[in-house]
Amino acid sequence: MAQWYKEGLLDPDIATLGLAQVSAKISGGTAGASIGYMGSRMGAWIPAGRSSNPGFSLAAAPMPVLKKGDTSNFSPISIPYNYAGGCVAITTSCKNVEAAASTVCHSSKLAGLS
């Protein structure tokens, strides 16, 4: 990633951008990649981009990997549990409760839940 920063491929403000700022950059054509579901983020960005550029389009892309052909084991938008029940439980068989709790807390913030 350090190389991507040097090459200007990553926004230097990536860690502090909110959804509204990312949306403006994507739909305004000043950013070329982000993470988003087709029905929500991409589904909003495409019509917004087309309002000023009728040819505006987005396409799905795989997560980056170090070596061509590798499979990424990471997706920051993937949430490994179902929020439908309104709660998450960490069982007594969990080997690392602190890490599990941190993941739940971080993932719920990404999903806009509290």
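Between ILE79, ILE90, the distinction of being assigned to a loop (DSSP other than H, G, I, E, B), modelled with pLDDT under 80 and of a type outside the set (D, E, K, R) belongs to ILE79 only.
If I go through region 16-39 residue by residue, how many of them are more than 18 Å from MET63 (Cβ to Cβ) and either assigned to a loop (DSSP other than H, G, I, E, B) or at pLDDT below 85 (or both)? Residues in region 16-39 being more than 18 Å from MET63 (Cβ to Cβ) and either assigned to a loop (DSSP other than H, G, I, E, B) or at pLDDT below 85 (or both): 7 in total.
For region 13-32, taking the residues that are loosely packed, with under 12 Cβ neighbours inside 10 Å and not hydroxyl-bearing (Ser, Thr, Tyr), the one that is farthest from the chain's Cα centre (by Cα) is identified as GLY29. Of all residues in region 5-15, those that are under 16 Å from MET63 (Cβ atoms) and modelled with pLDDT of 85 or more total 2.
The values are calculated or read from the model by the stated rules, or taken from the named source; none is laboratory data. Source: prediction; values computed, not measured. Because the Cβ atoms are built from the backbone with ideal geometry, glycine has one as well, and the counts that use them run over all protein chains shown.
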